[in-house]
Amino acid sequence: MKAEIHPELVESVITCVCGATHKTLAIRPEMRVDICGKCHPFYTGQQARFIDAAGRVESFRRRYKLTEENK
């Protein structure tokens, strides 16, 4: 690696809006994120079901002549 071109790594604290903190190495001493592994629905198992907004699913099914049996 070439000298003098790489940023210096420092110990960093990453803070989520849910309050979880993680320590890692980065070029910034602290970072804030909106979502992490502790509050993301995929990891917590609280995935929301798809909500049909304004009949979009039904219009798609009518357009392509799909029914519940054709799944």
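Computed from the coordinates by the stated procedures, all read-outs in this text should not be read as laboratory data. Keep in mind that this is a model prediction, so the values were computed, not measured. Every residue, glycine among them, receives a Cβ derived from its backbone with ideal geometry; neighbour counts consider all protein chains shown.
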Seminar exercise, completed: Cβ pairs under 9 Å, 6+ apart or interchain, first in the range 1-26 and of a type in the set (Asp, Glu), second part of a strand (DSSP E or B), ordered by first then second residue, are Glu11/Lys23; Glu11/Thr24; Glu11/Leu25; Glu11/Ala26
For this session: Scan the range 31-46 residue by residue and report those that are under 9 Å from the mean Cα position of the chain (by Cα) and part of a helix (DSSP H, G or I).
Result: Pro41, Phe42
